[in-house]
Each structure stands twice: as C-alpha cells, then as structure tokens.
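Since the structure comes first, as structure tokens, the remarks are kept for the end.
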Amino acid sequence: MDTSKIDADLEFSAATSAPVGAEFSVDGFNEYGVRENRGESGELESIDVVYRAMEPGLRKNIRVTPDFLQSVASNFSEAIGAPTQFDHSKSQRANVGRITRAWFGSNALYLMNNIPNTGSSIRSDTISDFLHAPPAITDGSVGFGRDYEITFNEENEEYEFVDATIREFSLTPFPAGYDTGGLSAAFSEAVSTLVDDSDVSEEKRAGPRSHARVSHATIEDL
C-alpha cells in the first residue's frame with residue numbers, strides 16, 4: 001500500500017468503561033470508569049476516567065491486531081503523558097487534562113485520563129459531567145496524527161497496522177462511521193483506491209467491530 005496517498009489522520013473512537021486487565025490498582029472506580037481523587041480534607045483534587053478505545057478486527061481491509069494495540073500501549077510514556085482535549089486541536093486552550101495510562105487488556109486498548117479540579121469553569125463543568133450517573137460524557141476518540149505505520153502481511157495476505165504513537169485524546173467523538181468499517185468516509189475512500197474490497201473474503205469482512213476513526217490530514221513517507 002502506498003500510504004503516502006492516504007490523506008487522513010488516524011483516530012480511534014472510544015467509550016467510557018470500567019478498567020479491565022490493568023496491572024495497577026483500580027480501587028475507587030465506579031461502574032462507569034470514573035474515580036474521584038480527594039485530598040486529606042476531602043476536597044476534590046481531580047478525577048480519573050477510563051476509556052475502552054479499540055478492539056482487534058478488520059477495519060476497511062486493514063487488520064487491527066492485538067500486537068498492534070499492545071505496541072500502542074507500550075509506546076505510551078506515563079512520564080510524559082499526552083493531552084486530553086475537547087477536540088483534536090493543537091491549541092493549548094483545548095486541553096482539560098492528560099492521558100496518564102495506556103494498556104492492553106481484555107482484548108482491547110484502554111486509556112486513563114486525569115482531569116484536575118483547578119477551579120476553571122471549563123474543567124469544573126467537565127468534571128460535573130463525568131460525575132453525573134450515568135456520565136453526561138461517554139464517547140471520545142484517541143488521536144495518533146500521522147504517527148502510524150501500515151504494512152502488508154504476506155502470510156495472511158492483508159494489510160495491517162503495525163505501530164502508532166498516541167498524540168492526544170478528544171472528549172468530542174467523531175460521527176458514527178460503522179458503515180465504512182468505523183473509519184471516516186475520506187479515509188475509507190482513500191484506502192479503497194489502494195485495496196480492492198472484492199479481494200476480501202466475507203469471513204474477514206464480518207470480523208469483530210472495532211472502535212476506529214480516521215480523518216482530516218495527510219500521512220507522508222511512513
């Protein structure tokens with residue numbers, strides 16, 4: 001696949017979820033994947049919110065494998081983190097918190113976001129939305145920008161994602177796109193010109209659904 005012809009950023013949709021398969025303490029999370037972090041005097045310092053971001057499957061003729069999702073989790077640096085935003089923006093004003101953890105468990109990629117209670121109206125409103133039962137915010141998407149790689153697996157005779165690095169998390173979900181394999185129409189159209197859907201078996205096309213979104217930019221020289 002000539003990935004230089006794919007005019008799209010890579011973004012996977014996600015939904016709030018109780019933490020599963022984490023190799024750290026998940027005490028304090030409620031059934032919606034939200035945890036309140038309080039100080040010694042009981043004041044709310046921040047909240048943690050867990051999202052289930054993507055499952056393995058065939059997405060518009062590109063395979064998402066467990067190894068790929070494990071690689072995404074391994075590439076994430078807890079020391080550096082990544083911004084949690086209202087949308088996939090490069091503006092600092094869009095930031096409301098940070099991704100603090102990423103892991104692969106229960107056959108999916110999970111992310112934990114921390115939103116500090118700084119007193120700003122935007123963050124206070126966001127925290128209130130998450131503390132509602134059920135939360136008023138449930139969907140979002142994890143963005144990789146142009147930092148991903150696709151290769152052809154000769155043994156399976158299909159293309160697959162092999163590596164990516166998380167750039168940010170957006171609390172604004174992309175419109176549903178499961179008719180195009182969970183990908184944006186623009187990405188699906190670009191991929192379709194490179195991979196003939198008629199060559200993909202019905203069994204492969206009928207694989208498990210994955211939460212995936214891709215849209216809005218250019219991938220160059222992967």
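Quick one: how many residues across region 80-100 are at pLDDT 95 or above and open to solvent by 70 Å² or more (accessible area, probe 1.4 Å)?
Final tally of qualifying residues: 1.
Any residue in region 79-90 that's of a type outside the set (A, V, I, L, M): show its pairings with residues that are exposed (fewer than 15 other Cβ atoms within 10 Å of the Cβ) at Cβ separation under 7 Å, as long as the two are six or more apart or on different chains.
What qualifies is Phe86/Thr172; Asp87/Thr172.
Of the residues in region 142-173, how many are of a type in the set (Ser, Thr, Tyr), modelled with pLDDT of 85 or more, assigned to a strand (DSSP E or B) and within 17 Å of the chain's Cα centre (by Cα)?
Counting residues in region 142-173 that are of a type in the set (Ser, Thr, Tyr), modelled with pLDDT of 85 or more, assigned to a strand (DSSP E or B) and within 17 Å of the chain's Cα centre (by Cα) gives 1.
Quick check: anything in region 49-69 touching a strand residue (DSSP E or B) at 6+ places or on another chain (Cβ under 6 Å) and over 21 Å from Ala164 (Cβ atoms)?
Yes, there is a match, as at least one residue in region 49-69 is touching a strand residue (DSSP E or B) at 6+ places or on another chain (Cβ under 6 Å) and over 21 Å from Ala164 (Cβ atoms).
Any residue that is of a type in the set (Val, Ile, Thr) and under 16 Å from Ile137 (Cα atoms) - is there at least one of those in region 102-119?
Yes, region 102-119 contains at least one residue that is of a type in the set (Val, Ile, Thr) and under 16 Å from Ile137 (Cα atoms).
Please go through region 38-76 and pick out each residue that is assigned to a strand (DSSP E or B), open to solvent by 40 Å² or more (accessible area, probe 1.4 Å) and in contact (Cβ under 8 Å) with a residue 24 or more places away in the chain.
If the condition is that a residue be assigned to a strand (DSSP E or B), open to solvent by 40 Å² or more (accessible area, probe 1.4 Å) and in contact (Cβ under 8 Å) with a residue 24 or more places away in the chain, then Glu45, Arg52, Arg63 are the ones that fit.
Take the residues in region 101-121 that are of a type in the set (Ser, Thr, Tyr) and open to solvent by less than 50 Å² (accessible area, probe 1.4 Å), then tell me which one is nearest to the chain's Cα centre (by Cα).
Of all residues in region 101-121, those of a type in the set (Ser, Thr, Tyr) come to 106, 110, 118, 120-121.
Then drop every residue that is not open to solvent by less than 50 Å² (accessible area, probe 1.4 Å), which leaves 110, 120.
Details: Tyr110: 8, Ser120: 26 Å.
The selected residue is Tyr110.
Being in a strand (DSSP E or B) and either touching a Pro at 6+ places or on another chain (Cβ under 7 Å) or loosely packed, with under 15 Cβ neighbours inside 10 Å (or both) is the filter; apply it to region 16-36 and report the residue that is modelled with the lowest pLDDT.
Looking at the filtered set, the residue picked out is Thr16.
The values are calculated or read from the model by the stated rules, or taken from the named source; none is laboratory data. Quick caveat, the model's predicted, so the values are computed rather than measured. Reconstructed Cβ throughout: ideal geometry from the backbone, glycine too, with neighbour counts over all protein chains shown. Accessible surface areas use protein heavy atoms only, side chains included; no ligands, DNA or RNA. Shrake-Rupley method; radii C 1.70, N 1.55, O 1.52, S 1.80 Å.
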